[in-house]
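> First the structure, then my questions, so here it is.
Please treat every number below as a calculation from the coordinates, not as lab data. The structure displayed is predicted, hence computed values, not measured ones. Note that each Cβ is placed from the backbone with ideal geometry, even for glycine, and that neighbours are counted across all protein chains shown.
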Amino acid sequence: MSEIPSGLKYAKTHEWVEELHDGTVRVGITDHAQELLGDMVFVELPEVGAAVHAGQECAVVESVKAASDVYSPVDGEVVAVNERLADSPELVNQDPYGDGWIMQVRLADDAEPGELMGADDYAAMVESEEAE
Amino acid sequence: MRDERPMMNESPLIFEQSRPGRRNPAHAPEAPARPVDMPAELLREAPPALPEVSEMQVVRHYTRLSQRNFAIDTQFYPLGSCTMKYNPRACNTLAMLPGFLGRHPLAPVATGQGLLACLFELQEILKTVTGMQGVSLAPMAGAQGEFAGIAMIRAYHDARGDTARREILVPDAAHGTNPATAVMCGYTAREIPTDAQGDVDLEALRAAVGPQTAGLMLTNPSTLGVFERRIIEIAGIVHEAGGLLYYDGANLNAILGKVRPGDMGFDVIHLNLHKTFSTPHGGGGPGAGPVGVGERLLPYLPLPIVAREGETYRWLEESDRPHSIGRLSAFGGNMGVLLRAYVYARLLGREGMERVAEYATLNANYLMARLREAGFEPAFPERRATHEFIITLRRQARELGVNAMDFAKRLLDHGMHAPTTYFPLLVPECFLIEPTETEDKATLDAFAAAMAAIQHEAETRPETVKTAPHTLPVRRLDDVRAARELDLVWEGDEGKP
Amino acid sequence: MPFIPHTEDEVREMLAAIGAPDIEALFDEIPHTLRGADLSAIPAGLGEQAVSRLMRTRAAADRQPLCFLGAGAYEHHIPAAVWEITTRGEYYTAYTPYQAEASQGTLQLLYEYQTMMARLMAMEVSNASLYDGASALAEAVLMAVRANRAAKSRRILMPASVHPRYRQVVQTIVRHQGIELVSLDFDAGQGRLDPDSLPGDPGPCAALVIPQPNFFGCLEQVDALTDWAHRHKMLVIAVVNPLAMALLKPPGQWGARGADIACGEGQPLGVPLASGGPYFGFMCCRRAHMRQMPGRIVGRTIDLDGRTGYSLTLQAREQHIRRSKATSNICTNQGLMVTAATIYMALLGGEGLRRTAAACHDGMGALLHRLADVPGVAQHFTAPAFHETVLRIEGRPVEKVLAAMAEDGLLGGLALAPHYPALADTLLVCVTEARSGEDLDAYVDALRRALAV
């Protein structure tokens, strides 16, 4: 069973959101997602300053067997990206909720709450997917 | 193939065998009498750093490299959807006759009547076999054929002023070229689910079609190795909504001579001559992907096309076909491949073609029965195999920790190429197995026996399977490293151009 | 039945194992209404001897004239070893190297090919081939638009001196992706682009295409053009003759920064004319853009024992994984032709290729020298040429001159009128190292005779 920290929020497309103290959020992909994709070989990061919208592609994570879109879970502007992923894409596998973070976003003022779930709901969703 | 002597498996690069100053004077002209009279700033400063090796070294090196390959000529190669049948040598010899091989593509048509006769007759044969009204031999591979097909659908709708049609429907089991092609033609690809029996979900299809539907891309038999039984209904649903039907001919070997795409309601098709018509795969091409169309799309066929006028042949051009989607190559396409396909078609003739699907299907069903006896799990046990079928190794993956990739690698040790693995994506841990009609019963039995042996190993000493192959020039390769630490060009001698 | 090995006994045993009464039963899932395939229009099968006879008769129609035609397909000496090895069954009947351990021959060869092409073009990476030069240019255009996001433009500057068929193919392939091809005129006297006549403010463009040599055989001023493009934030797509690059400055060395993408037709490297195909397209690029490059790429890696091996890499960009987001829909490419080209390049070596290219240029010079004495024939453009040039013919329509020369057993060149109406009385002639002094004399004699009428 993959790791699902309780303090984070989750999108049904397997991204996590962490609220930081300065009002921005950090975004990455979940342990379940990195397990499915396999060893990361490349991450295509968004540009700092780019606008992102909930539910739209903002990045790509690439393994040997798949290249998967990362969907932004929130509306806002990218204020930072994890440059370390350029040389060490494997951080996404090793530490998906920590050093494997992908982008930091300042939420838009009129941001929609979005369809984010808590850890328990996400865990239930993953379990039902795995049972298929 | 593996040799225990340590040096025998080493394979230095041709560059590593270079010695400065080594030349092959038999091949290059003498240094020209005059110095090159061109402005200095346009000239290269030093010749490119290509290998400096003798002819003996070149021959030995590339011959030895060839011996590190699996090929149809040496191994059973049951790659699903690739149709690895025997490549008759006559096709090669006759396509390479000097009159064809030495001919310039822009030479006058008057001296090309022999070539054009072959191409025209091939067009006609493909029309008959597919039940279509017109054929163009121009596309150079299946993917280009697909592009041509979808571009023609677009041309048709645009010509009618029906520009609201922005979607191409694609089954979720489709080959990746299908959605990629739709996007290249400015469409979005929308997926239609497949049901548990392997057929397209008709309810989902009905819900998905509408005024935005340009067309549906389908393979029949599908990529799941089963016949799309309700194809007539599918055609009806799409046509009623105003869309057109595209046939991906990758699996034509299953129905050649038995069923024609035109009769199933398809408006446009492509064929893969390097599959169904046995032109050689060449380690990754060249292929040919001719397209065939029904009446509605005739004006849009890509150029060039061969026409016969009385007793002479000529190329049709833009002035003959002003609505053509255009050209896909600088010259006529992969002529040599087309000639090989033509020779194959003449060797087979009508009776031979009728037998292709029969024996391909017999072989696939037999192999499926033998594997089932050995305890393997077909993905669609209650369906007939077509020319191919799927088994799933998910039980082995779950219970023994041995997956489809492991089985594939261990098959290599048995001197057989593995079937297609992990495609279609819908079936977990799958093998898509296509024996083709040119394999005999003994070969099929040997494959079933090899699979049974690997199963036994997976149960008793799984590590052997998980670290396979053991008898090839290299052991299992690190794909992740290949993608992370990209080494695409040799820099060992710091070769400067 | 050709190529089907089954005996009647075996068929019986197999049907018994399946549990079917006959082969027809295996098709029982197919609706009856679909089973009416009528193949009667297809002729009955022929034995190999009869097909041989048929094909030999048809091939003989060609009459094998002396070739002075180029225009994108060139006759060069191909050492015998090239096709002897390339048509070995282990290369000829192998598949795409998806099971890398069983395809180390093809994969290592492709790695060597990539290295040779990168060095020939002086670029950082190469792919393992595309279909042909024209479609490679189309792919390069698509790639430049993807890679040059900063330009925010889907306009591509395309000189009219690029091969007309290449321009047509690019148009066909990119038409539905919102890409605008903007034509650039060439200087009517020089036969190439004039860097001084380029617009001072071209507006946002994703790329400039630069041919070398161009369709007329003329040499473009690649440094000035490359620098101009880069100053205006465009990428440079070089479309080049690979043999010429052994003699001429290669794309990676153009201007201050070098071209960004190099592509073209690989046929001159060991591939016969073959009535037009199969040939192969090549593509090289900067490392920074390699994830945008279509086609297969081979990488070097290690196995479980640390031994060197080769496998397809960066496959996540390709259609079988990335599907609708793929860089291209390309799957099968032109593997066998690349095999031949690699062996050819290894046999010739850098010096051999350079001499071959120089001999082609020298032969062109020798022909022009002889033609100086023929009234009514003049070199049309003033720019320096590689191995092709445009001749202006006076006194008789070009089509009739060429027809007369064809009667004499020569392909005298390509009439340019159909593609360039302003060049209605000209032809494009090519000389390669395959043409001897006697051949050049024959050309001049045939041309004189054709004009004397």
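> Output ³J(HN,Hα) for region C:200-206: one whole-Hz value per residue in order, computed from phi by the Karplus curve 6.51 cos²θ - 1.76 cosθ + 1.60 with θ = phi - 60°, and x for Gly and Pro.
x, 9, x, x, x, 9, 6
> Separate question: Compute the Cα gyration tensor for region A:9-110, then decide on rounded, prolate or oblate, letting a ≥ b ≥ c be the square roots of its eigenvalues: rounded whenever a/c is under 1.5, prolate when a/b is larger than b/c in the other cases, and oblate in all that remain.
Because a/c hits 1.5 or more and a/b exceeds b/c, region A:9-110 counts as prolate.
> When DSSP assigns beta bridges and you keep just the ones with both residues in chain B, what percent turn out antiparallel, to the nearest 5?
Bridges in chain B that DSSP calls antiparallel: roughly 55 percent.
> Listed highest first by mean packing, meaning other Cβ atoms within 10 Å per residue, what order do B:212-222, C:251-261 come in?
Top of the packing list down: B:212-222, C:251-261.
> Averaged over its residues, how many other protein chain Cβ atoms are within 10 Å of peptide B:461-473's Cβ atoms?
Averaged over the peptide's residues, the number is 2.
> What distance in nm lies between label points placed 7 Å from Cα along the C-beta direction at B:Leu202 and B:Ala452?
So the label points at B:Leu202 and B:Ala452 sit 4.1 nm apart.
> Separate question: Please list, by residue number, every one of the trypsin sites (Lys or Arg not before Pro) in region C:33-66 that is coil in DSSP and has at most 16 other beta-carbon atoms within 10 Å.
Passing sites in region C:33-66 are C:Arg35, C:Arg63.
> Hey, another quick one. Assuming 1.306 mPa s and 10 °C, estimate D for chain B with Stokes-Einstein, Rh taken as the Kirkwood radius over Cα pairs, in µm²/s.
For the chosen part, D equals 63 µm²/s.
> Step through the residues of region B:480-486 one at a time and calculate ³J(HN,Hα) from phi using the Karplus curve (6.51 cos²θ - 1.76 cosθ + 1.60, θ = phi - 60°), rounding each to whole Hz and writing x for Gly and Pro.
So the Karplus estimates, Gly and Pro as x, are 5, 4, 4, 8, 7, 10, 5 Hz.
> Now, a different point. Simple spin-label model, 7 Å along Cα-to-Cβ: C:Ala422 to C:Arg53 in nm?
Computed distance between label sites C:Ala422 and C:Arg53 equals 5.7 nm.
> Here is a further query. For chain C, what's the radius of gyration and Dmax over Cα atoms, in angstrom?
25.5, 84
> Next question. Can you grab the distance from the C-alpha centre of region B:280-319 to the C-alpha centre of region C:143-194, Å, no decimals?
26
> Right, something else. Averaged across the residues of B:56-62, what count of C-beta atoms belonging to other chains lies within 10 Å of each residue's C-beta?
6
> Next question. Could you order the peptides C:405-416, C:200-211 from most to least packed, using the average number of other C-beta atoms within 10 Å per residue? Intermediate results must be reported in sequence, preceding the final value.
On the way: C:405-416: 21.2, C:200-211: 19.6.
Highest-to-lowest ranking by the protection proxy: C:405-416, C:200-211.
> Let me ask something additional. Please compute the modelled spin-label separation between B:Arg230 and A:Asp99, points set 7 Å along Cα→Cβ, answer in nm with one decimal.
5.3
> Summing -39500 (n - 2.57) over the DSSP H runs of n ≥ 4 in the protein assembly as shown and dividing by its residue number, what mean residue ellipticity at 222 nm do you reach, to the nearest 500 deg cm²/dmol?
Calculated mean residue ellipticity at 222 nm is -10000 deg cm²/dmol.
> From Cα coordinates alone, what are the radius of gyration and Dmax values for the protein assembly as shown in angstrom?
Cα radius of gyration and Dmax of the protein assembly as shown are 29.0, 94 Å respectively.
> Is there a simple number for the mean count of other chain Cβ atoms within 10 Å of the Cβ of residues in C:75-84, and what is it? Let's see the in-between values first.
Working: counts 2, 0, 4, 1, 6, 3, 9, 3, 2, 3.
Mean shielding count: 3.
> Now for a different question. C:Asp408 to B:Glu309: FRET efficiency via 1/(1 + (r/R0)^6), r the Cβ-Cβ distance, R0 22 Å, to the nearest 0.05?
Efficiency for this residue pair is about 0.25.
> Out of the DSSP beta bridges found with both residues in the protein assembly as shown, what percent are antiparallel (nearest 5)?
So the antiparallel bridges in the protein assembly as shown amount to around 70 percent.
> Averaging sequence separations of C-alpha pairs under 8 Å and six or more residues apart, then dividing by the length of region C:118-192, give the relative contact order as a whole percent.
Relative contact order comes out at 33 percent.
> With a 10 Å radius around each residue's Cβ, average the other Cβ atoms per peptide and rank B:188-194, B:118-124, B:78-84, highest first.
Going from most to least packed, we get B:78-84, B:118-124, B:188-194.
> Would you please give the FRET efficiency between C:Asp373 and C:Glu394, computed as 1/(1 + (r/R0)^6) with r the Cβ-Cβ distance and R0 = 22 Å, to the nearest 0.05?
Details: r = 15 Å, r/R0 = 0.68.
Calculated transfer efficiency: 0.90.
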